[in-house]
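As structure tokens, the structure follows; a few thoughts come after it.
The values are calculated or read from the model by the stated rules, or taken from the named source; none is laboratory data. Every value quoted in this text rests on a predicted model; they were computed, and no experiment measured them. Positions of Cβ are backbone-derived with ideal geometry, glycine not excepted, and every protein chain shown enters the neighbour counts. SASA here: full protein model, heavy atoms, side chains in, ligands and nucleic acids out. Shrake-Rupley method; radii C 1.70, N 1.55, O 1.52, S 1.80 Å.
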Amino acid sequence: GFINWYMASDSCRLYKKRLCTASEWSTACAGRMNRAYPYGDHYEKQTCRTEDQNSAPSGTFSECRSFYGAFDMSGNLREWTASRAPRNASHFDVYGGFWDSKVASTCGSSQFSFYPENKFISVGFRCCAEPVYQP
């Protein structure tokens, strides 16, 4: 938490990556079966950090992972994306739930009213990389 969009973007670039787009984020969370939650279609209170008072180190909840192996996409921290909000281009989409968003921590959960220079205790980020071509 307490990371603004610029800090998140710079951190990803440091590792030769970038912030995920909203579409990439949703796909990584929902998987090929387009699940409501990374682990399935029904909310499971104990699977991810969605009913707590703060965040935890990523991967703490080992069952909170998607079909593609991405951890903590439901709960823990919301995440900045590289996608501008359709309703206001000065904002960026933030995806996922946070540690106290309960059943609303779905793969389609998004917030748009986040100015890139603002920091929020419940917002972090994840980086994406370009696919590696393998003939």
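Summary table
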read-out	value
Exposed GluC sites (Glu not before Pro) absent - longest run of the chain, DSSP non-H/G/I/E/B, at most 11 other C-beta within 10 Å	1-62
Per-pair calculated FRET efficiency, R0 = 25 Å: residue 52 and residue 10 via Cβ, rounded to 0.05	0.30
Three-way shape label, the range 11-77, alpha-carbon gyration tensor, a/c 1.5	oblate
Accessible carbon and sulfur surface of the chain relative to its total accessible area, %, 1.4 Å	52
Loop chymotrypsin sites (Phe, Trp or Tyr not before Pro), the range 1-58 (other Cβ atoms within 10 Å of the site Cβ: 13 or fewer; DSSP)	2, 15
Overall form of the range 1-45 per C-alpha gyration tensor (a/c, 1.5; a/b vs b/c)	prolate
For the range 31-118: accessible area per residue (Å², 1.4 Å)	53
The chain: most fluctuating residue of 108, 69, 31 per GNM, C-alpha cutoff 10 Å	69
Pairwise label distance in nanometres, residue 62 with residue 132, each label 7 Å out on the Cα-Cβ vector	2.5
FRET efficiency estimate (nearest 0.05) - Cβ-Cβ, residue 87 to residue 18, R0 25 angstrom	0.60
Ranking by accessible area, most exposed first, for 19, 77, 14 with a 1.4 Å probe	14, 77, 19
Candidate lysines - alpha carbon under 27 Å from residue 119, same-chain residues fewer than 8 apart omitted	16, 17, 102
Relative contact order of the range 41-135, defined on C-alpha pairs under 8 angstrom at six or more residues apart (%)	26
The range 40-134 shape via C-alpha gyration tensor axes, a/c threshold 1.5	oblate
The range 1-64 versus the range 69-98: alpha-carbon centroid distance in Å	8
